[in-house]
Amino acid sequence: MAEKAFKYVIIGGGVAAGYAAREFANQGVNPGELAIISKEAVAPYERPALSKAYLFPEGTARLPGFHVCVGSGGERLLPEWYAEKGISLILNTEVVKVDLASKTLISAAGETFKYQILIIATGSTVVRLSDFGVQGADAKNIFYLREIDDADKLVEVIKAKKNGKALVVGGGYIGLELSAALKINSIDVSMVYPEPWCMPRLFTSELAGFYEGYYANKGIKIIKGTVATGFGTNENGEVTDVKLKDGRVMEADIVVVGVGGRPVTKLFKGQVEEEKGGIKTDGFFKTSVPDVYAVGDVATFPMKLYNEMRRVEHVDHARKSAEQAVKAIFSSEQGNSIDEYDYLPYFYSRAFDLSWQFYGDNVGETVFFGDGSPTSPTHKFGSYWIKDGKVVGAFLEGGTPEENKAIAKVARVQPPAHSLDQLATEGLTFACKI
C-alpha cells in the first residue's frame, strides 16, 4: 500500500483534534500539510452533546449541528471546511502501530503514514465492567457512552424499550447526566454506585445531598454503597436484571455504565516519558520526544497555578491544550516565543433544569452557601474550598454568566478568607466583589 506523508499529523479525531485543526488554519497551514487520522466515521464533534441533547426526545441534537467548534461559540467545522483548507480528514482509520523514532504510523488496514510533527490527541476510552470480570457484562443492551456510535445505539434502545426500566451503573458525570436523559425519555431509572454520595471526586456531601434529593424527587431511585456483580439475560442474550453485591436483584431492560475512563496511551508505551497515567509534557505540550506533542486527556502537564503536574479529563482543557500546542509549533518554526500554558481547572454539567460550574481546586476546608434544598424553586447555592487561608476553588449551581465569571475570578485570584463563618454568610456576594 502506498505510503502517505504529511508535515503535521494529529492522531485522534475528537474535540482536541478539531480545535487543533482550527488553530492550524488560523496559523496559516498550507494545503496538504496537515492530516487528522480518526477511527471514528465523522469529522470532529463536541463530545459533551452525546450525554445531553443527543438523547433528548425533543430539541434533539444531531450532526452536523454540533461539529466543533460550536461548543465554545465558534464556527462549525463541517467536513467541507477541512477540504477547503486542504486538511486531510482520514476517517474510519485506526492506528495500530506507532514508531516515534522513524516518525511512522501504521493503520489496521496496513496503510503507512509518515509525519514530521505529531500531535497525540487519542483521548480516553471507557472503563468496562468486563475489565473487572463482572459476570454477563457482555450482554446485549449494556451501554457505554464515548462515541457517536454508542449514542446512536442507546437512542435506538430507548425508543424500543419505551417505559422500560434502566439501571445506571456509576454516580459520576455520565451517571448523573444519563440518568436525567433516560428519565426525560419516560424510562424508569435507578442508579447504583459504591461511594457514599454522587460525584465524590468533586462534590462535598452537602452538594451531593442536593442533587441526590433532586433526582429522587424526579422519581430516580438511588442505591449507594454497592456495585453490580452480574447480569441476567433472556434467550436473545438481552439483559433482564442486575445482581448487586448487597444481594439485591434489579430488573433492567437497559443498563448504562459510567465508571470512568482511561487515557489511550498504549500505542506510545516505552517510547515516550509518562507521568501520573498520562504522557508527560511541558507547558507547550511538547513530550520527551522531539517533534511529538500530546494534548487533552492523555497529557500530564505542569499546572502553573498549583505548581504541580496534572492530567485533566475535560472538554475545556482538550480545546485549550490543542490550541496551545499548535501555537507552540508555529512559534517554534518562526523563532518566536509564547507564554506557557496557564490553565484554571473548570468543570460543568447540565441535567434537567440544573446547571453548575466549578473552577479551581477542590482541596482544603469547605464552606457551603445558599439554599441547598432539593425542593427550592431557585436552586442557587454553592461551595468554596479554602486552603492555607485562601479560597482556591468555587462551585455554583444556577449561576448567571456574570456570577460564573465571578467564581472563576475567585479561583484564579485566590483571595484570603479571614473567617469561614463570614464566607458562608456572604456566599456569592464574596465572589462578586473580588
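Can you tell me what share of the DSSP beta bridges in the chain is antiparallel? A percent to the nearest 5 is fine.
55
Toward the positive end of the charge dipole of the chain, about the Cα centre and with charges on Cβ (Lys, Arg +1; Asp, Glu -1), which of ILE10, GLY258, LEU34 goes farthest?
Farthest towards the positive pole: GLY258.
Round to a whole number: what % of the accessible area of the stretch 250-303 belongs to carbon and sulfur, probe 1.4 Å?
C and S fraction of accessible area: 50 percent.
Send over a whole-number figure in Å² for the accessible area per residue of the stretch 352-434, probe 1.4 Å.
That works out to 46 Å² per residue.
Quick one: what does P(r) look like for the stretch 129-259 with 10 Å bins over all Cα pairs, in whole %?
13, 47, 34, 6, 0
So which of LYS161/LYS245; LYS159/LYS183; LYS4/LYS286 end up more than 20 Å apart, counting from Cα to Cα?
In this structure, LYS161/LYS245; LYS4/LYS286 exceed 20 Å between Cα atoms.
Across the stretch 173-236, how large is the tail of the calculated P(r) beyond 16 Å, expressed as a percent of all Cα pairs?
Here the tail beyond 16 Å accounts for 50 percent of pairs.
How compact is the stretch 353-433 by the rule of thumb for globular proteins, expressed as Cα Rg over 2.2 N^0.38 Å?
1.00
What does the charge count near GLU340 come to, summing +1 for each Lys or Arg and -1 for each Asp or Glu among other residues with Cβ under 10 Å from its Cβ? Walk me through the intermediate numbers first.
Numbers: positive: LYS304; negative: ASP282, ASP339, ASP342.
Within the 10 Å Cβ shell, the charges total -2.
How large is the convex hull of the C-alpha atoms of the chain per residue, in Å³?
156
Pop out the carbon and sulfur fraction of the accessible area of the stretch 88-202 as a percent, whole number, probe 1.4 Å. Mind dumping the intermediate values first?
On the way: 2410 of 4910 Å².
Ligands and nucleic acids excluded, carbon and sulfur reach 49 percent.
Going through the stretch 310-383, which GluC sites (Glu not before Pro) have at most 15 other Cβ atoms within 10 Å and a DSSP loop state?
Passing sites in the stretch 310-383 are GLU340.
Show which aspartates and glutamates lie in cross-link reach of LYS433 when reach means a straight Cα distance below 14 angstrom and same-chain residues fewer than eight apart are skipped.
GLU402, GLU403
I want the local charge near VAL259. Using Cβ-Cβ distances under 15 Å, sum +1 for each Lys or Arg and -1 for each Asp or Glu among the other residues.
That works out to +1.
For the stretch 353-433, which whole-number percentage of the solvent-accessible area (1.4 Å probe, protein heavy atoms only) is attributable to carbon and sulfur atoms?
52
Tell me the per residue accessible area of the stretch 129-259 using a 1.4 Å probe; a whole number in Å² is fine.
In whole numbers, the stretch 129-259 has 43 Å² accessible per residue.
What accessible area, in Å² to the nearest ten, does a 1.4 Å probe give for THR265?
For THR265, solvent-accessible area is about 10 Å².
The values are calculated or read from the model by the stated rules, or taken from the named source; none is laboratory data. As the structure is a prediction and not an experimental result, all values here were calculated from the model. Cβ sites come from the backbone with ideal geometry, for glycine too, and all protein chains shown count toward neighbours. The protein model used for the area step is the full one, side chains on, heavy atoms only, and it has no ligands, DNA or RNA in it. Shrake-Rupley method; radii C 1.70, N 1.55, O 1.52, S 1.80 Å.
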